[in-house]
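Enquirer: The structure under discussion is supplied below as structure tokens; questions concerning it will follow.
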Amino acid sequence: MKRALLCSCGILATAIGSSPAFAQDAAAEEVDQNVIIVTANKREQNVQDVPSSVTAVTAETLEARGVSDPSDLIAIVPNLSGGTSRGDTALAIRGVGLTVLGSSPGVAIHVDGVYQPRPQMADIAQVDIGQVEVLRGPQGTLYGRNANGGVINFKTTKPGSEVGGYVRASYATFDEYKIEGGLDLPISDAVRVRFTGKRWERGKGFVKNINPNGSGDVDKGDSLFGRIHLEADLGPDVTASLIGTFARRRGEFIYFTQVGTPLPQAVAQNPILNTATFPTRARQTAQNDPVSQNRRYKGITGILEWNSGDFGIKSITAYQHYKDEFSADFDALDVSQSPRQDQQEAKTFTQELNFTLNTGPLKAVVGGFYMDDEFSNKLDFQFPVGIFQLGSPAGLPPGSTLSFSSDPYKTKSKAVFADFTVDVTDRLLLLGGIRYSEDSQRIREVNGIFVQTPGGPFQIPPTACPNPNNLTGESAVKFSSTTPRVGLQYRASDDSNLYASYSQGFKIGGFNYRGGCGASYGSEKLTAYEIGSKNQFGDLTLNVAGFYYDYKDLQVEQLVGFSFVLNNAPKAKVYGAEVETSYRAGPLTLNANASLMSARYGAGFLNLDLLDAAAGLQNTDGNALSNAPDFSANIGASYETDPVIAGGALTFRADLSYKSRIFFREFGNNADSQPGYALVDASVTWRSEDERFSVRAFGRNLTGKDYFQSLASSSSTGTRFVTWGSPRQVGLELGLNF
């Protein structure tokens, strides 16, 4: 196994979520109901003293609101948007980071400090989470992998020192059930083990197939998960952990649904569309070709930590193996226009190392990061009846196949970084940091169009890779960046502080391995300015932040032919303000946040919309970025009664989330958007007096709102297709703590 040094040290700050639950960390100490003290970078720190926009969600809130995957956090975290797109989670923070093509994510996800190079790897591993922290804005001087949009940290529950655990089982409409549990089995005072497992299944699909001869309803399936966490005290100041994880998900999650009827010119080019069924209602498809997915993940993490008080060292070594095989009906119609088969596999090794110093007025982190990622992909589009694309006079004959293969696609990343805080006075703090990164990528592609002939398959040379200009099909590219951070923090009082910061973010480019022979896209660059104020007024917490981003060479996902590719738009401007507040008075807890944001393309990005070819190249200047609503808000309330049933109290909870119109393509057309919508969730929970037993009745999307989470266009049918959000669900959950 390759060895390198990695530094991953993040601000492990915990913010008050929808209820003032406290982090499950041995270093956390309750001071009062509104303050949480945590160990951040080997020093104690109140989240209200962290000079950046941080939202953290505790285990209690995760359970109360039924959070089970990263996309559920959208209804909790300010300016977090996105959701499920073609079976994968794609997230953006403040309009930055939404890609699902295997590129470096703009929003970095970490699980127990381990960077997840693909969002899909984090989707199936979110079980027994003790805390989630979302940091908004560029992150690089404290984290192993650079992220220009932000970071989401998932911290799993650590092994306990006593025998105990929990079991939760639930059933909901659409024949959905799950059972999960965790068990602590300490071996000795110095050695602790925790076992975690989960089984989930949804028997009825969210999306109905109206084709009686089709492949059945979709957006359903099952998953199995297991984790073993071993923790040992090797000495008074030394702790070692070993974490092994396995996850599997199977089902029909990669689906497409058409919206609208085909353009006349598409029907003229593809007469078979005259006989096709185009569903007109929400969450419907007419597909006839097979839909299936088999996703597997396994990983092992080793953590070694030494802390002497003023000085500390932490090493995180991880290996992850991800494999995904799926079939999809790409046209979502009852004609076999373009069925699709895809195989993906990734092997990722990361090594992190950080050194922390906490002495006198100086708190500092110095670290390094190394990643070796190898990705392979094989994608085939089949055209049993042949096909034509809008605006193209040439088509593919019946029986042809479009094939893309990248094996391997290697990425190596190295970085060093430093971050420091200096107490200039008792109230004024100087903040600073810098990062230097080097990334190299190498790919080998075998792409082409194959046509059946009497003598067998024949490859059409003009679109093939290798080709005369690239005889090996191999390409390579390198990226490097230096990104600084500077800022000031002023403690106006013991309960209020102000901060201002300047930082830069960077996201590497890469290869469009489904878009040509060595076709590539460039890196993103982001300069961020932020000011904020954090305040604790008795039982009221009130945090405010304002930000401005100068965003250059942003990566934009587009459908070109049959393949999604990334291109660079020259620039964009993003600015806005966020407010987070929470209030607790006895049995009543209120929480709310609101965000105003303008995220717009700048001049110079011209693009052709094949659904409106007559308009020619369109100027996108001033149009909204994808998944960047101008206004979003979340508000929630919970109330706990006195004991009323069998000595146990009832907790009533309701949550409302709202997002204004969301655009999914760059042309500023309302047809490419989801109008503003609100979602309502609610629950009633009974807990026994000793808190061992619980019963929770819950409802999600109680108003039954039909909305979609992603949208793209089809250049063969001349339509738009979408991925729908979850429909109304109600269910019952039973819990046992022991």
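Enquirer: List the aspartates and glutamates whose Cα lies under 17 Å from the Cα of residue 378, skipping any in the same chain that are fewer than 8 positions away.
Expert: Of all the aspartates and glutamates, those that pass the test against residue 378 - Cα under 17 Å, at least 8 places apart if same chain - are 324, 325, 329, 342, 345, 407, 445, 474.
Enquirer: How far is the Cα center of region 285-332 from the Cα center of region 462-505, in Å?
Expert: Measuring centre to centre over Cα atoms gives 22 Å.
Enquirer: How much length is gained on full extension from residue 728 to residue 613, taking 0.36 nm per residue of separation minus their Cα-Cα distance?
Expert: Values: separation 115, 0.36 × 115 = 41.40 nm, distance 3.82 nm.
Using 0.36 nm per residue and subtracting the Cα-Cα distance, I get 37.6 nm.
Enquirer: Give, as a single signed number, the net charge of other residues whose beta carbon lies under 9 Å from the beta carbon of residue 292, with Lys and Arg counted +1 and Asp and Glu -1. Walk me through the intermediate numbers first.
Expert: Working: positive: 250; negative: 252, 325.
Charge balance near residue 292 sits at -1.
Enquirer: What size of dipole, in debye to the nearest 20, comes out for the chain about its Cα centre when the only charges are +1 on Lys and Arg C-beta atoms and -1 on Asp and Glu C-beta atoms? If you can, show how the numbers build up before the last one.
Expert: Values: 67 positive and 77 negative charges, 301 e Å.
Taking the Cα centre of the chain as origin, the dipole is about 1440 debye.
Enquirer: Using the Kirkwood formula on the Cα atoms of the chain, what hydrodynamic radius do you get, in angstrom to one decimal? Intermediate values should be presented prior to the final figure.
Expert: On the way: mean 1/r = 0.0374 Å⁻¹.
That comes to 26.8 Å for the chain.
Enquirer: Would you calculate a helix-derived [θ] at 222 nm for the chain, using -39,500 (n - 2.57) for each DSSP H run of n ≥ 4 and dividing by the full residue count, to the nearest 500? Write down the numbers at each step before the final one.
Expert: Details: 3 runs with 17 residues, N = 738.
The helix-only estimate for the chain comes to -500 deg cm²/dmol at 222 nm.
Enquirer: Please list, or write none, the aspartates and glutamates whose alpha carbon is within less than 18 Å of the alpha carbon of residue 507, excluding same-chain residues fewer than 8 places away.
Expert: Output for residue 507: 372, 373, 438, 439, 524, 550, 553, 557.
Enquirer: At residue 422 and residue 533, where each label point lies 7 Å from the Cα along Cα→Cβ, what is the point-to-point distance in nanometres?
Expert: Distance between label points: 2.8 nm.
Enquirer: Tally Lys/Arg at +1 and Asp/Glu at -1 over every other residue whose Cβ is under 13 Å from the Cβ of residue 273; what's the total? Can you show the working numbers first?
Expert: Details: positive: none; negative: 331, 334.
Once positives and negatives cancel, what remains is -2.
Enquirer: Report the relative contact order of the chain, percent, no decimals, based on alpha-carbon pairs under 8 angstrom and at least 6 residues apart. Show your work: numbers first, answer last.
Expert: Working: 2267 pairs, mean separation 83.8, N = 738.
With pairs under 8 Å counted, the relative contact order is 11 percent.
Enquirer: Quick one: if the Förster radius is 25 Å, what FRET efficiency do residue 579 and residue 661 give, using the C-beta to C-beta distance and rounding to 0.05? Don't skip to the end; give the middle numbers.
Expert: Values: r = 21 Å, r/R0 = 0.83.
E(calc), rounded to 0.05, equals 0.75.
Enquirer: If you add up the charges near residue 432, with Lys and Arg at +1 and Asp and Glu at -1, over every other residue whose beta carbon is less than 9 angstrom from its beta carbon, what do you get? It would help to have the intermediate numbers written out before the result.
Expert: Numbers: positive: 485; negative: 419.
That works out to 0.
Enquirer: Determine the equivalent ellipsoid of region 620-725 by diagonalising the alpha-carbon gyration tensor, then write out the semi-axes as square roots of 5 times the eigenvalues, largest first, rounded to whole Å.
Expert: Taking √(5λ) for each eigenvalue gives 42, 15, 9 Å, largest first.
Enquirer: Which of rounded, prolate, oblate describes region 86-155, given a ≥ b ≥ c as roots of the alpha-carbon gyration tensor eigenvalues and a/c under 1.5 marking rounded, otherwise prolate only if a/b is larger than b/c? Write down the numbers at each step before the final one.
Expert: Numbers: a/c = 1.58, a/b = 1.05, b/c = 1.50.
Oblate, since a/c reaches 1.5 and b/c is not below a/b.
Enquirer: Which entries of 158/298; 314/552; 220/412; 158/178 show an alpha-carbon separation above 29 angstrom in the structure shown?
Expert: On the way: 158/298 19 Å; 314/552 35 Å; 220/412 36 Å; 158/178 22 Å.
Those over the limit are 314/552; 220/412.
Enquirer: Within a 10 angstrom radius of the beta carbon, how do 175, 439, 407, 72 rank from fewest other beta carbons to most? Present the calculation step by step, with values, prior to reporting the outcome.
Expert: Numbers: 175 12, 439 23, 407 16, 72 20.
Exposure proxy ranking, most exposed first: 175, 407, 72, 439.
Enquirer: Once you put a point 7 Å from the Cα of residue 631 and another 7 Å from the Cα of residue 161, both along the Cβ direction, what distance in nm separates them?
Expert: It works out to 5.2 nm between the two label points.
Enquirer: Same structure, new question: Got a sec? Which residues in region 129-147 would a label at residue 486 touch, if it sits 7 Å along Cα→Cβ and we count backbone N under 14 Å?
Expert: From region 129-147, the list is empty.
Enquirer: Right, another one. For residue 242 and residue 201, FRET efficiency with R0 = 30 Å and r from the beta-carbon atoms, rounded to 0.05?
Expert: On the way: r = 30 Å, r/R0 = 1.00.
About 0.50, to the nearest 0.05.
Each value in this text was obtained by applying a stated rule to the coordinates, not by laboratory testing. Owing to the predicted nature of the structure, the values given are computational and were not obtained by experimental measurement. Cβ sites come from the backbone with ideal geometry, for glycine too, and all protein chains shown count toward neighbours.
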